[in-house]
Amino acid sequence: MLTRRSFGLGKAGLFVCIFVLVSVLSIEVKAATKKYQFNIEVKNVSRLCHAKPIVTVNGRFPGPTVYAREGDRVLINVTNTAQYNMSIHWHGLKQYANGWADGPAYITQCPIKPGNNYVYDFNVTGQRGTLWWHAHILWLRATVYGAIVILPKQGTPFPFPRPDGEEVIVFGEWWHADVEQVVNQGNALGLPPNMSDAHTINGKPGPLFPCSEKHTFAMEVEQGKKYLLRIVNAALNDELFFAIAGHNMTVVEIDAVYTKPFMTNAILIAPGQTTNVIVSANQAPGRYFMAVRPFQDVPIPVDNKTATAILQYKNIPTTIIPTLPHLPLPNDTEFALSYNKKLRSLNTPSFPANVPVQVDRKLFFTIGLGKSVCATCINGTRLSASLNNITFVMPQVALLQAHYFDVKGVFKTDFPDNPPKAFNYTGAPLTANLFTTKGTRLSKIAFNSTVELVIQDTNLLSVESHPFHLHGFNFFVVGTGIGNFNPAKDPTTYNLVDPPERNTVGVPTGGWAAIRFRADNPGVWFFHCHLELHTGWGLKTAFVVEDGPGKDQSVRPPPKDLPQC
C-alpha cells in the first residue's frame, strides 16, 4: 500500500509538491506578451491607374493584422516617420483603467509627433474575436488601418463547429487625390469633401475597375470545407452591403461578441463594425465574386461603385469569369432593418448577456446637422454637426491628461442629459436656425452606474443613418425604431434578454437606438459618429467615468513615454 510516508513525504512535503505542480500548470497557461513594431511611413501605392504617396504601417496597405490570445499582454511600438502627427486606436478593446492605450488624439493622448515613438501597452481581458485598429487623427485612417484577431484561451472552443480555415476581409476606400488635401479643400469651401473613387476589399478594388487585374483579392477554398471570414468595415463614410455569389453566410459574431447563428445571403456592416461569418464551400467548383457596395437610403452622394474580390475553388483555372452576387439595392431600408433585427447575443452560461435591467442614469442625445459661420466659405457658412445642439470643439491638451492631472480650463462636465428643446425630431425637414453651440463639454458618469442612452436622429437639413462608437465599453442595443422615440411606449418593447452586444451601433435613418452599459471603466472615453465626415464636423463628445472606491478602480498612472502636446 502506498502512503505519503512511502515516498518520504510528510504534510509539508506534500504541500510543496502540490505547490510545484500548481506552479508548473500556471506557467503552462500563463498569458504571453506579444510585441509588434509599427513604422508609420509614406509609400507610393498604385490603384485604378493612379499612383500616389500614402501613409502606411510598415509599408503595407492595409496594415498588418495584430494577433493575440485572450489574456495576452500586447506591446506595439509605433514609430512615426511620416509628416503628420499620428495616433492609433485599438477599436473595440476595452482598455480597463488604461485609457492611455486607447489612442484617439487629444482625447486620451497627445499625438505622436514626426520622428517620435510611443509604445501602446495593453492587456486583452475578457475579449475574443475580431476587432480592428486605425489612425485616430485627421482622415489618416483612410490608409492606416488593419485587423485585430483575438483567439480564445487555449483549450476554449468556438461555440460553433470549428471551421477548416479562415480569412481576414477588410473593406476600405480609395481616393485618387491626397485625402488630407481633399478634406482641407472641402473645409475651406464649407462643403463636404469629394467622395472616394472606389471601395476596396483588403486594399484592392477588384477587376470591375481599370488597371485592377493585379489589384484583386482572391481567396482559395476547397469544396466541402467551411471557412470563417473575419469582416471589418474600415471605410470612412459608408455603410456597406456584402454578399458572395451563390453562397449563403452564417453570422456567428459581431464586434467580437458571439451571436445566435443565423443564415443570410448578404450582411450589412457600418463603419467601425466587425462581423464574423461562416461560409461553406458547397457549390459547384468555380470562381465566385465577393462584392461590396454602399447602403444609403437618403439622397446623399456616395461612391456607389461595386468593389469585388474572388472566392476561388481549388484547381479551377483563373480564366473562368466569376459570377456576381445579388446585392440588396443601395436604398434597401427593409433589408437593413430586418437584418439588424436578427442580431442577438448568444447568452449562454459560458457567454452570458449581462444586460443592465435597472438604470441609474437616462440620457437622450439628438443628432443634428447644422451650420457655423465661416468667413472664407462660399456661403459664409460651413456644415457642422452636433449632439444636443452642441458642436464639439477639440481641445489642444488631451482630455484624459487634463482629467488625471486636474488641469483646469480644458473641458467642462456640463454636457446636457437632454436636448435644449424638444421638437418633432423626424418630421418635415427643418432648415431654419441651424446654428449650434460650440464647446468642449463632457458628460460625467458615476463609477459602476448603469446608463441608458437613447440616440435620436433628426431631420435638421436631412435625416441620415449614423454609426456611433463608444470607446472603453461594449454596450447592449436594447431597442431601435423609426421616427421619434416615445419614452412611454418604446421601452416596453426593449429586448433585455439577448440584445446584440457591440461597440458601434447604427442609428437608423430618421430613427433612434437605445443602448445600455455599466460604467465600470474609469477614465475619459470618446463617443462619436464613425462617419469621418461627421466626426470632423463635431458629432462627438466624451464621458468622464469617475474612479471607483477599490484599489484597481482608478485610472492607472500614465506611462513615461506618453506623448506631450
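The values are calculated or read from the model by the stated rules, or taken from the named source; none is laboratory data. Being a predicted model, the structure only gives us computed values, none of them experimental. Here Cβ is always computed from backbone atoms with ideal geometry, including for glycine, and neighbour counts include all displayed protein chains. Calculation scope for accessible area: heavy atoms of the full protein, side chains included, ligands and nucleic acids excluded. Shrake-Rupley method; radii C 1.70, N 1.55, O 1.52, S 1.80 Å.
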If unit charges are put on Cβ atoms (+1 for Lys and Arg, -1 for Asp and Glu) and the dipole of the chain is taken about its Cα centre, the option from 212, 126, 507 lying farthest towards the positive end turns out to be 126
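In terms of the Cα gyration tensor, with a ≥ b ≥ c the square roots of its eigenvalues, is region 417-565 rounded because a/c is under 1.5, prolate because a/b exceeds b/c, or oblate? Write down the numbers at each step before the final one.
Values: a/c = 2.16, a/b = 1.40, b/c = 1.54.
Judged from the Cα gyration tensor, region 417-565 comes out oblate (a/c at least 1.5, b/c at or above a/b).
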10 Å Cβ shell holding at most 13 others, DSSP loop, GluC sites (Glu not before Pro): longest site-free stretch of the chain: 223-565
Rounded if a/c under 1.5, otherwise prolate or oblate - region 196-311, Cα gyration tensor axes: oblate
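In whole percent, what relative contact order does region 150-277 give with Cα contacts below 8 Å and a gap of six or more residues? Don't jump to the answer; show the numbers that get you there.
Numbers: 208 pairs, mean separation 31.6, N = 128.
This gives 25 percent for region 150-277.
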Compute the length gained on full extension between residue 547 and residue 446: take 0.36 nm times their separation in residues and subtract their Cα-Cα distance, giving the result in nm to one decimal. 35.6 nm
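Distance cut-off 30 Å, Cα to Cα: go down the list 421/540; 34/214; 94/444; 113/371 and report the pairs above it. Spell out each step's value before the answer.
Values: 421/540 19 Å; 34/214 33 Å; 94/444 18 Å; 113/371 32 Å.
The pairs that break the limit, which is 30 Å between Cα atoms, are 34/214; 113/371.
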For residue 381, residues with placed amide H under 5 Å, excluding near neighbours: 374
10 Å Cβ shell holding at most 13 others, DSSP loop, chymotrypsin sites (Phe, Trp or Tyr not before Pro): longest site-free stretch of the chain: 1-404
Separation between Cα centres of region 420-472 and region 260-279, rounded to whole Å: 27
Once phi for every residue in region 537-551 is put through the Karplus expression 6.51 cos²θ - 1.76 cosθ + 1.60 (θ = phi - 60°), the whole-Hz ³J(HN,Hα) values, with Gly and Pro written as x, are 7, x, 7, 6, 7, 8, 9, 9, 8, 5, 5, x, x, x, 5
With θ set to phi - 60° and the Karplus curve 6.51 cos²θ - 1.76 cosθ + 1.60, what are the ³J(HN,Hα) couplings of region 292-300 in order, to the nearest whole Hz, using x for Gly and Pro? 9, 8, x, 9, 8, 9, 10, x, 10
Cα gyration tensor of region 110-238, axes a ≥ b ≥ c as square roots of the eigenvalues: rounded (a/c below 1.5), prolate (a/b > b/c) or oblate? oblate
Excluding ligands, DNA and RNA, what is the solvent-accessible area per residue of region 70-170 at a probe of 1.4 Å, expressed in Å²? 31
Work out how much length residue 181 to residue 125 would gain on full extension: take 0.36 nm times their residue separation and subtract the Cα-Cα distance, in nm to one decimal. 16.2 nm
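Within 10 Å, at most 11 other Cβ atoms, and a DSSP state outside H, G, I, E, B define an exposed site. Report the longest part of the chain free of exposed trypsin sites (Lys or Arg not before Pro).
Details: sites that count: 30, 214, 314, 408, 421, 489, 551, 560.
Here the longest segment lacking exposed loop sites spans 31-213.
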Give the aspartates and glutamates reachable from residue 341 as a straight Cα distance under 14 Å; neighbours fewer than 8 places away on the same chain don't count. 498, 501
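Starting from the Cα-Cα distance between residue 67 and residue 433, subtract it from 0.36 nm times their residue separation and give me the gain in nm to one decimal. Could the numbers behind the result be given before it?
Details: separation 366, 0.36 × 366 = 131.76 nm, distance 4.95 nm.
Working it through step by step, the gained length comes to 126.8 nm.
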Taking a straight Cα-to-Cα line shorter than 16 Å from residue 438, and setting aside same-chain aspartates and glutamates fewer than 8 residues away, one finds 414
Can you compute the modelled spin-label distance between residue 417 and residue 375, with each label point 7 Å from Cα toward Cβ, in nm? 4.1
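Kirkwood Rh over Cα pairs of the chain into Stokes-Einstein at 25 °C, 0.890 mPa s: D in µm²/s?
Numbers: Rh = 24.8 Å.
For the chosen part, D equals 99 µm²/s.
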Give me the net charge of residue 68's neighbourhood, meaning all other residues with Cβ under 12 Å from the Cβ of residue 68; Lys, Arg count +1, Asp, Glu -1. +4
Amide H within-cut-off set for residue 554, under 5 Å, with H built and near neighbours excluded: 548
Which whole-angstrom value gives the distance between the alpha carbon centres of region 29-86 and region 350-366? 35
Residue 58 versus residue 222: modelled label distance in nm, points set 7 Å from Cα along the beta carbon direction: 2.8
Lys/Arg +1, Asp/Glu -1 at C-beta; region 223-372 dipole; positive extreme among 241, 369, 259: 259
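Rounded to the nearest percent, how much of the accessible area of region 384-451 (1.4 Å probe, protein heavy atoms only) is carbon and sulfur?
Numbers: 1860 of 3450 Å².
The value for region 384-451 is 54 percent carbon and sulfur by accessible area.
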Can you give the charge dipole size of region 247-378 about its Cα centre, rounded to the nearest 20 debye, using +1 on the beta carbon of Lys and Arg and -1 on the beta carbon of Asp and Glu? 100
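Only helical DSSP H runs with n ≥ 4 go in: add -39500 (n - 2.57) per run for the chain, normalise by residue count and round the 222 nm mean residue ellipticity to 500 deg cm²/dmol. Show your work: numbers first, answer last.
Working: 5 runs with 50 residues, N = 565.
Value at 222 nm, helices only, nearest 500: -2500 deg cm²/dmol.
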As I understand it, the dipole of region 63-219 uses +1 on the Cβ of Lys and Arg and -1 on the Cβ of Asp and Glu, about the Cα centre. Which of 159, 80, 192 lies farthest toward its positive end? 159
I'd like the Karplus ³J(HN,Hα) series for region 118-133: coefficients 6.51, -1.76, 1.60, θ = phi - 60°, whole numbers in Hz, and an x wherever there's a Gly or Pro. 8, 9, 7, 10, 8, 9, 9, 10, x, 9, 8, x, 9, 10, 7, 10
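Across every pair of different alpha-carbon atoms, what Kirkwood hydrodynamic radius in Å does region 27-179 reach? Write down the numbers at each step before the final one.
Numbers: mean 1/r = 0.0605 Å⁻¹.
Evaluated over region 27-179, this radius sits at 16.5 Å.
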Can you list the residues, at least 5 places off or on another chain, whose amide H is less than 5 Å from the amide H of residue 496, using H built in the peptide plane? none
Accessible surface of region 34-192, 1.4 Å probe, proportion on carbon and sulfur as whole %: 49
How big is the dipole moment of the chain about its Cα centre under a simple scheme where the beta carbon of each Lys and Arg is +1, that of each Asp and Glu is -1, and everything else is neutral? Debye, nearest 20, please. 1160
